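One structure below.
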Amino acid sequence: MYLCGPTVYNYAHIGNARPAVVFDLLARLLRRRYKLTFARNLTDVDDKINAASQETGKPIEEITARFIKAYNDDMGALGVQLPDVEPRATQHIAEMIDMISTLIEKGHAYEAEGHVLFDVESYPEYGALSRRDLREMIAGARVEVAPYKKAPQDFVLWKPSTPELPGWDSPWGRGRPGWHIECSAMARKHLGKTIDIHAGGRDLIFPHHENELAQSRCAHGGAEFARYWVHNGFLSMDSEKMSKSLGNVLLVHDLLKTYPGELIRLALLSAHYKQPLDWSDDTLMSARRMLDRLYGAVRGIEVSAEARAKAQPPAALVAALEDDLNTPRALKEFFELAKSLNKAGDDEQKQQLAAAMYASGDLLGLLQADPEEWFKGDAAGDLTAEQIEALIEKRNAARAAKDFAAADDFRDQLAAAGITIEDSADGTSWRRSG
Ligand code: AMP
Ligand code: ZN
């Protein structure tokens, strides 16, 4: 599987995190059945990186190194596992030059004024992936008209670099690759001519994936490029497009200061990956409630590491995920399991169900924290864990003194803050009920 990764010149926003999380789950799921090689590239040569370097005065390598680390740290906090291969564009320039040379030899590309362009007309199936025809594409504003192009829809494979820009020697002079050829060359190197699954955000279908497809097929004698294309829907903010000019860009890095990574992960998985996802405070609040229910169910039940490793998620949950990654249905199955656990009578049954809860969590990248830590470690509502525990102590003291009115008053205060308490022989435990 190949996933188009980030261009590393700034922090990832919550929209960028959606493909990372969604296709991380797909990778986890595929690994249950198949031997998977998962490549997610890093675009570390790009005009946006050059612009960031000029703006900040910082060397390109410093910018890309910093944001590669930030990306992996932030995605790691969301439970995204590292892919098997993380190819960097700057380490595959020779492969790109090779592929471009092949395209020229085969009559699919031409050189003009230090540029190399893909000749779209030489590939009659162009547009099949995005279901566009040439006229539509030319009419669309996204094709750049330039004097050196034979036709406006032709796109850049290689372009010349001025001395202050990053560049590599090539048969067409010192220059740098276009964005699309990067992915074609890296996919070929690490996964072969034909890949099973090609993934990315739906904004990439045109022109990026259409162009990758054209380049790879034409360079490889018409061999199939990707057996399946999977594209995630877009994330919007309070029904608006997320954009710098609207000032509503939410960085994962910042969100993580307030919310646990699992909560953000669950929020991103709560909608089907193909559907648009509208992000708001409610999205996070409802993810919090869902996780509280899941952690609440396993809380207080000891499950040995051995039992956990042996346990399987419910077949219905796996089946939901295997049905085009139907996460809303899979989560429903997760809650059904939590409900059964809440109702379970004997200890053996409880442990079995709790082990299945953890196995489901391991597949989904959830329930990775200790339940007690989950409830105490991060106070989200208005009350901190200390405040909650202080109120519980007061309430218990009032009860011990048989001042039941005061005890009820403290319980009501807790309930108003969304805290449910439960008395047992071992004392009083609490959870956020939302
Ligand atoms: P970029 O760094 O802009 O190339 O984006 C990296 C990845 O994030 C690509 O797969 C995009 O499709 C995806 N992406 C960017 N913005 C959003 C969004 N608002 N919602 C979902 N995916 C997005
Ligand atoms: Zn790509």
Look at Gly200 and say whether it is in a loop (DSSP other than H, G, I, E, B) and either exposed (fewer than 14 other Cβ atoms within 10 Å of the Cβ) or within 31 Å of the chain's Cα centre (by Cα) (or both).
no
Some residue of the stretch 55-63 being part of a helix (DSSP H, G or I), surrounded by 12 or more Cβ atoms within 10 Å (Cβ to Cβ) and touching a residue at least 40 places away in the same chain (Cβ under 8 Å)
yes
How many residues does the stretch 1-45 contain that are of a type outside the set (S, T, N, Q), within 9 Å of ligand 1 (Cβ to nearest atom) and open to solvent by 30 Å² or more (accessible area, probe 1.4 Å)?
2
Search result, residues across the stretch 160-195 that are touching a helix residue (DSSP H, G or I) at 6+ places or on another chain (Cβ under 9 Å) and assigned to a strand (DSSP E or B):
Trp168, Arg176, Pro177, Ile195
Can you find a residue that is within 16 Å of ligand 1 (Cβ to nearest atom) and either over 12 Å from Leu129 (Cβ atoms) or touching a Leu at 6+ places or on another chain (Cβ under 9 Å) (or both) anywhere in the stretch 214-225?
no
By residue number, the members of the stretch 203-248 that are part of a loop (DSSP other than H, G, I, E, B) and not polar (S, T, N, Q) are His220, Gly221, Gly222, Ala223, Glu224, Phe225, Gly233, Phe234, Asp238, Lys241, Met242, Gly247
Consider the stretch 156-183. How many of its residues are within 16 Å of ligand 1 (Cβ to nearest atom) and open to solvent by less than 40 Å² (accessible area, probe 1.4 Å)?
6
Subset of the stretch 373-404 [modelled with pLDDT of 85 or more and closer than 24 Å to Gly261 by Cβ]
Glu373, Trp374, Phe375
Search the stretch 203-240 for residues being among the aliphatic types (A, V, I, L, M) and under 20 Å from the mean Cα position of the chain (by Cα), and hand back the single one that is farthest from ligand 2 (Cβ to nearest atom).
Met237
Output yes when any residue across the stretch 136-153 is under 26 Å from the mean Cα position of the chain (by Cα) and free of Cβ contacts under 8 Å to residues at least 60 places away in the same chain, and no when none is.
no
Is it true that some residue in the stretch 36-45 is of a type in the set (Asp, Glu) and over 20 Å from Cys183 (Cβ atoms)?
no
Would it be correct to say that Lys48 is open to solvent by 30 Å² or more (accessible area, probe 1.4 Å) and away from ligand 1 (no atom under 16 Å from the Cβ)?
no
Being open to solvent by 60 Å² or more (accessible area, probe 1.4 Å) and either more than 14 Å from ligand 1 (Cβ to nearest atom) or within 30 Å of Ala128 (Cβ to Cβ) (or both) is the filter here; which residues of the stretch 246-271 pass it?
Gly247, His253, Asp254, Lys257, Thr258, Tyr259
Yes or no: the stretch 75-87 includes at least one residue that is within 16 Å of ligand 2 (Cβ to nearest atom) and either β-branched (Val, Ile, Thr) or not assigned by TED's automatic domain parsing to the domain that holds Glu121 (or both).
yes
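Rundown of residues vs (1) farther than 30 Å from Ala330 by Cβ; (2) within 16 Å of ligand 2 (Cβ to nearest atom), yes/no style:
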residue: Asn16; (1), (2): no, yes
residue: Arg31; (1), (2): no, no
residue: Thr37; (1), (2): no, no
residue: Gly57; (1), (2): yes, no
residue: Met99; (1), (2): yes, yes
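The values are calculated or read from the model by the stated rules, or taken from the named source; none is laboratory data. Please read all numbers here as calculations on a predicted model, not as lab measurements. Cβ atoms come from the backbone with ideal geometry, glycine included; neighbour counts cover every protein chain shown. Heavy atoms of the whole protein, side chains included, go into the accessibility calculation; ligands, DNA and RNA do not. Shrake-Rupley method; radii C 1.70, N 1.55, O 1.52, S 1.80 Å.
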